[in-house]
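The values are calculated or read from the model by the stated rules, or taken from the named source; none is laboratory data. Note that the structure is predicted; figures quoted are calculated from it, not measured. Reconstructed Cβ throughout: ideal geometry from the backbone, glycine too, with neighbour counts over all protein chains shown.
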Amino acid sequence: MAINFLNTIDLNKNSLDNARIQNLGSDPAGAVEGQIYFNTTDDVLKIYGGGVWSEVGGGVESLVATNSGTTYVSLTPTSAATGAVTITADLNATALTGSIDNTKYLRGDNKWASVTSIYGWTLQGDNATTTSITNGLAVDIAGGTNVTTALVGTILTINATDTNDNDYLTGLGFNVGNGVLTATVQNQASVTVDLDGRYLELAGGTMTGSIAMGSNSITGLSNPTNAQDAATKAYVDTSVTGLLQFISGFNASTGAIVSGGNLTSGATRVAVAVGDYYVVTVAGDFFGNALTPLTPGDSVIVQTAAVAGASSETDFIVVQSDTDLATNSTVGLMTINPTGVGGITSNIVNGVATITNADTNSANTATGTIAAGQTSGTVTHAFGINTIVQTINSSGDTVFCDITRTATTSVATIAVVEATDITILVQKIG
């Protein structure tokens, strides 16, 4: 019998190789939309749709070309034709005047007309005077003051001949009341020079070369907004406040700092700043608090600054390294020793332990064979009907057979005999 699939099969875009559509001599009854089969009587593939069976890919048996009185294209032949049919199409327009050649275009009224009759555009200058440019007229782009033009092939080049790009001061004038000399720089913005000679202010221009400050300060800067802007002291101070900075190791029991001083004990404890970072070198209770035990590798980070002798446990964030020994409720270090435990093996990969029971209960499994040249094989057992049955060929590949189960047997059946044995694997469930 055929294998019964009680749900849709999804091949996940994989190909169905060496498949054959169901072969029948006539249309089957009880068909559903989209069902297909191969009709061996007519040698055609058929599909069911709209309540009828239809041939898939049926060809055109005859062809007739019909010309309409309003179409611009004529088709021939116009009588019915069968077999290999050649269709010829041609425009049915006529010339408006003269002959039809490559200087004509097809108008909307299906007439060939001269192309030159549709060319034309308007040229206008700054003085609002317009000139109509019709087919055959040329437009001359002339040079003017400090401008030249040159036409080479189809490229028109317009050049500026003014090469005077020197920067110089013009229109000097004094503002005596403010004690400031003001001038205009060609191609730059205005320049203001303080009369005591201490600075030069360039508004909107671009500086070239270095500026020597002579140990003087630059004042009045805004906070930077672009990557290459100069930074003010206030901006830098704000940016670096609270950054993490390693200070030293310390004894969590006594508070003694390796580099000197004390972190947790009495009035001698050091001042701390936000971001100070200390690492535990000796285990102990932080600030004597038994609820905060620290071990080597743990660390504390200052979250609230405090002056010398004023810090408290709440000024710190405690960071556990999680390298303590594991308990039933705490993640940590552990050793897995399966030695002496029958069938138990372990494997640790990237800190994750996998424990496997290699002992299998052979009383819950059975095997059999569909011998080469046979179409079925039976495995006798006492597992009941709740079993998993798999079948594999001589290469170990899974093959799908028709499986029949009873309380005492599992029977695997195939439609066509194989040249090699098929192994039947039966496993009890529950």
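If you go through segment 30-66 and pick out every residue that is loosely packed, with under 11 Cβ neighbours inside 10 Å and under 21 Å from T8 (Cα atoms), you end up with 4.
Filtering V280, V274, V236 for residues that are in contact with a Gly (Cβ under 8 Å, 6 or more places away or on another chain), outside any strand (DSSP E or B) and either hydrophobic (A, V, I, L, M, F, W, C) or outside the structural domain of A308 (by TED's automatic domain parsing) (or both) leaves a single hit, V274. Taken together, D27, D17 contain a single residue that is of a type in the set (D, E, K, R), over 30 Å from L106 (Cα atoms), under 43 Å from the mean Cα position of the chain (by Cα) and modelled with pLDDT of 90 or more, which is D17.
On the given criteria, is G120 under 30 Å from A93 (Cβ atoms), in contact (Cβ under 8 Å) with a residue 12 or more places away in the chain and either surrounded by 11 or more Cβ atoms within 10 Å (Cβ to Cβ) or touching a helix residue (DSSP H, G or I) at 6+ places or on another chain (Cβ under 8 Å) (or both)? Here the answer is yes, as G120 does meet what is asked. The residue that is nearest to I403 (Cα to Cα), counting only those in segment 354-370 that are at pLDDT 70 or above and of a type in the set (A, V, I, L, M, F, W, C), is I370.
With respect to the stated conditions, S62 is on the phi < 0 side of the Ramachandran plot and over 52 Å from the mean Cα position of the chain (by Cα).
Looking at L123, L172, L137, can you tell me which residue is assigned to a strand (DSSP E or B) and at pLDDT below 80? On inspection, the qualifying residue turns out to be L172. From the list A283, A305, A231, the one residue that fits, being within 30 Å of T335 (Cα to Cα) and without any contact (Cβ under 8 Å) to a residue 40 or more places away in the chain, is A283.
You will find that of T97, T86, T78, the residue that is assigned to a loop (DSSP other than H, G, I, E, B) and surrounded by 10 or more Cβ atoms within 10 Å (Cβ to Cβ) is T78 and no other.
Of everything listed in (1) modelled with pLDDT of 80 or more; (2) under 30 Å from V411 (Cβ atoms); (3) out of contact with any strand residue (DSSP E or B) (no Cβ under 7 Å at 6 or more places or on another chain), the single unmet condition for N4 is (1). Set side by side, the residues V56, V85 differ, and just one is farther than 30 Å from A412 by Cα, out of contact with any His (no Cβ under 6 Å at 6 or more places or on another chain) and at pLDDT 85 or above, which is V56.
If you go through segment 363-376 and pick out every residue that is in a strand (DSSP E or B), among the polar types (S, T, N, Q) and within 14 Å of I429 (Cα to Cα), you end up with 1.
So, S329, is that one in a loop (DSSP other than H, G, I, E, B), modelled with pLDDT under 95, surrounded by 12 or more Cβ atoms within 10 Å (Cβ to Cβ) and of a type in the set (S, T, Y) or not? When the stated conditions are applied, S329 does not pass them. May I ask you to verify whether I392 is under 49 Å from the mean Cα position of the chain (by Cα), under 15 Å from A412 (Cβ atoms), surrounded by fewer than 16 Cβ atoms within 10 Å (Cβ to Cβ) and touching a residue at least 40 places away in the same chain (Cβ under 8 Å)? So I392 fails the test.
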